[in-house]
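The values are calculated or read from the model by the stated rules, or taken from the named source; none is laboratory data. The model shown is predicted, which means the values in this text are computed figures rather than measured ones. Positions of Cβ are generated from backbone atoms using ideal geometry, with glycine treated the same way; all protein chains shown enter the neighbour counts. Accessible surface is based on the protein model in full, side chains and every heavy atom, while ligands, DNA and RNA are left aside. Shrake-Rupley method; radii C 1.70, N 1.55, O 1.52, S 1.80 Å.
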Amino acid sequence: MYAARRLAQAIPVFFATTFLIYTMVFALPGDPILALAGDKPVPEQVLEVMREHYHLNDPLLVQYGRYMLGVFHGDLGETFTGQPVSELLQDRWAVTAQLALTAWVFELVVGIGLGVLAGLRRGGIADTLVLAGTTFVIAVPVFVVGYTAQIVLGLNLGLFPTAGTEEGWPGSYLLPGMVLGSFGLAYVARLTRTSLVENLRADYVRTATAKGLSRRRVVGLHALRNSLIPVVTYLGVDFGNLMAGAVVTEGIFNLPGIGQQVFQSIQLQEGPVVVGVVTLLVMIFILANLAVDLLYGVLDPRIRRARA
Amino acid sequence: MLARDAWLELRGRVVFWFSTAVLLVALAMAAFPGLFTRIGPNENCDLRLSKHGPASGAPFGYDLQGCDYWSQVVHGARASIVVGVSVTIFALLISIVLGTIAGYYGGVADAIISRITDVFFGIPFVLGATVVLVAFPDHGIWAMTLVLVLLGWTTMTRLMRGQVIAVKEMDFVAAARMLGSGDRRLMFRHILPNAIAPVIVVAMLNVGNVIAGEATLDYLGVGLQYPDVSWGLQLNIAQTFFAGHPHLLVFPALFLTATVLSFLMLGDVVRDALDPRLR
């Protein structure tokens, strides 16, 4: 019941968001057909035929409807030079997915680890260090982190390759992944800490301790499991953010992913590529949100009952 | 009462005074750059000095055009502060209005506002902003503000709505209603003052995030353009040359980080002060 309602909400949101993006991109000034011709003068009849061929004369809503129909059949349209967008993106998706996944795992493991370390001893040295460090990481813009890491860890110390994907996974993806995940890692660590601190003070933890359970069992089995609920939410939502945030990281480390492609396409005004990528990203984002909400209901029965 | 307690708590925190001091300096730089440097933006540049490092008379060295880097960095403060503060104020106003209406009335109004919020929440920030900004190539600082407001009002609206829903169930609201208060009076005199504190905290954190976002767009080359001066633009130029000329990256990055960090730390300590549970 809860799941069905949640799904019913997600569908209109998906169409509205993608339509908004579609409108935004194709409202770009400049005639793509004229741009295609370059400096040469083109007869009006040819322009008309071309516009008709690409359905540019239809109302926007019809164009959008036709486009979405294609998307659900795996067809993302073609660029104005005739190359299918899905072909253009095929290899690039793999790069971005590997990058986002590396960053995500990094966030998950290191973030939760640091959060637990800080939360267990509130006010201790580890806690102070984690709090100060994460605030700092959140404040430094990603591209500054990226360049600094590239020069210091990659070039000067030679610990990682500095650019490209020659070494494949994981070698080439470790440093970019850490840079991309640094922001989320700081959030995960702080979220885990706050949540654990609150839960450690809860009555059920005192009861568990009073029953004589070992500290390890109280923390690991009782407190931590409940504390991780908001963290799971964040991690789910953040996967979509990571895919989108890859634009900057892929630029710095010269990884041939979709972020790099979409950025080039925006500047060349290749609308079909931009809409294709952003539509797929929105799909991933909404699916991740949906998955998290459903998982949330499983993890915390109170939510399922309250909303149903 | 809460405000007084919070102030007493804040007064004793070093972090509070430190971040306030940094922000005052940054605000002064944005409002009166003349206090810090006599050279105007993009003035007195000498191409022969291009990319020279720090020297006597030029503590930060020179930029790509051979302009004194210290004064360029000082003039860069205005773009960041103006965009960060104005985006947050506009977004805050939107979220107060929409969040209060959605939370207070519920039903259809809530459903419509919440779905619209979901739609805008789903647009990836950097990509969405890039698409719009590329469409309008001659944008200045206000166009950027508009775009960032458009993409940045959702989080605060959701929070505001949740707060209003929580507060409107409380006894004092029921009491006020029984004394005959109308909807508007209930919303603005009774519910809003008691619901807004966490939203203000998020707004403070938001200023920092918006400043970082603006710098990211400048850095990607779709934000402000020369002859505007901003930290993001300086970092954009620095990316090409910084292996050999690190001062180009270090100084604007330092100022940018200090400003963003101060907004985040200020938001953090204010939240701690307002939330007695953590004490």
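I'd like to know if the stretch B:259-279 contains one or more residues that are surrounded by fewer than 20 Cβ atoms within 10 Å (Cβ to Cβ), in contact (Cβ under 8 Å) with a residue 60 or more places away in the chain and not in a helix (DSSP H, G or I). Yes, the stretch B:259-279 contains a residue that is surrounded by fewer than 20 Cβ atoms within 10 Å (Cβ to Cβ), in contact (Cβ under 8 Å) with a residue 60 or more places away in the chain and not in a helix (DSSP H, G or I).
A quick yes/no check of all residues on (1) more than 30 Å from A:V179 (Cβ to Cβ); (2) modelled with pLDDT under 75:
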| residue | (1), (2) |
| --- | --- |
| A:L28 | yes, yes |
| A:I33 | yes, yes |
| A:A37 | yes, yes |
| A:K40 | yes, yes |
| A:H73 | yes, no |
| A:V85 | no, no |
| A:Q90 | no, no |
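With respect to B:S114, is the statement that it is more than 14 Å from every other protein chain (Cβ to nearest Cβ), surrounded by 15 or more Cβ atoms within 10 Å (Cβ to Cβ) and out of contact with any Asp or Glu (no Cβ under 8 Å at 6 or more places or on another chain) true? Considered against the rule, which asks whether it is more than 14 Å from every other protein chain (Cβ to nearest Cβ), surrounded by 15 or more Cβ atoms within 10 Å (Cβ to Cβ) and out of contact with any Asp or Glu (no Cβ under 8 Å at 6 or more places or on another chain), B:S114 comes out as no.
Only residues that are free of Cβ contacts under 8 Å to residues at least 40 places away in the same chain and farther than 16 Å from B:I112 by Cα were counted across the stretch A:1-19, and they come to 1.
Taking B:A195 as the residue in question, decide whether it is crowded, with 23+ Cβ neighbours inside 10 Å, within 8 Å of chain A (Cβ to nearest Cβ) and among the small types (G, A, S). Write out each step before concluding.
On the way: crowded, with 23+ Cβ neighbours inside 10 Å: yes; within 8 Å of chain A (Cβ to nearest Cβ): no; among the small types (G, A, S): yes.
Criteria not met by B:A195.
On the given criteria, is B:L186 surrounded by fewer than 22 Cβ atoms within 10 Å (Cβ to Cβ), closer than 26 Å to B:T154 by Cβ and in contact with a Lys or Arg (Cβ under 7 Å, 6 or more places away or on another chain)? Yes. Condition check: under 21 Å from A:V247 (Cα atoms) and more than 8 Å from chain A (Cβ to nearest Cβ). Does B:Q239 satisfy that? Taking the combined requirement at face value, the residue does not satisfy it. Yes or no: the stretch B:51-74 includes at least one residue that is at pLDDT below 80, of a type in the set (S, T, N, Q) and more than 20 Å from B:Y219 (Cβ to Cβ). Checked the stretch B:51-74: at least one residue is at pLDDT below 80, of a type in the set (S, T, N, Q) and more than 20 Å from B:Y219 (Cβ to Cβ). The single condition among (1) assigned to a helix (DSSP H, G or I); (2) open to solvent by less than 20 Å² (accessible area, probe 1.4 Å); (3) more than 8 Å from every other protein chain (Cβ to nearest Cβ) that B:L224 does not satisfy is (1). Take the residues in the stretch A:253-278 that are in contact (Cβ under 8 Å) with a residue 12 or more places away in the chain and surrounded by fewer than 20 Cβ atoms within 10 Å (Cβ to Cβ), then tell me which one is farthest from A:V152 (Cα to Cα). Checking each candidate, the answer is A:Q269. Across the stretch A:115-155, which residue is surrounded by the fewest Cβ atoms within 10 Å (Cβ to Cβ) among those that are more than 13 Å from chain B (Cβ to nearest Cβ), free of Cβ contacts under 8 Å to residues at least 12 places away in the same chain and in a helix (DSSP H, G or I)? Restricting to residues being more than 13 Å from chain B (Cβ to nearest Cβ), free of Cβ contacts under 8 Å to residues at least 12 places away in the same chain and in a helix (DSSP H, G or I), the top hit is A:I125.
Can you tell me which residue within the stretch A:43-71, out of those that are under 20 Å from A:T23 (Cα atoms) and part of a loop (DSSP other than H, G, I, E, B), is modelled with the highest pLDDT? Going through the qualifying residues, I end up with A:P59.
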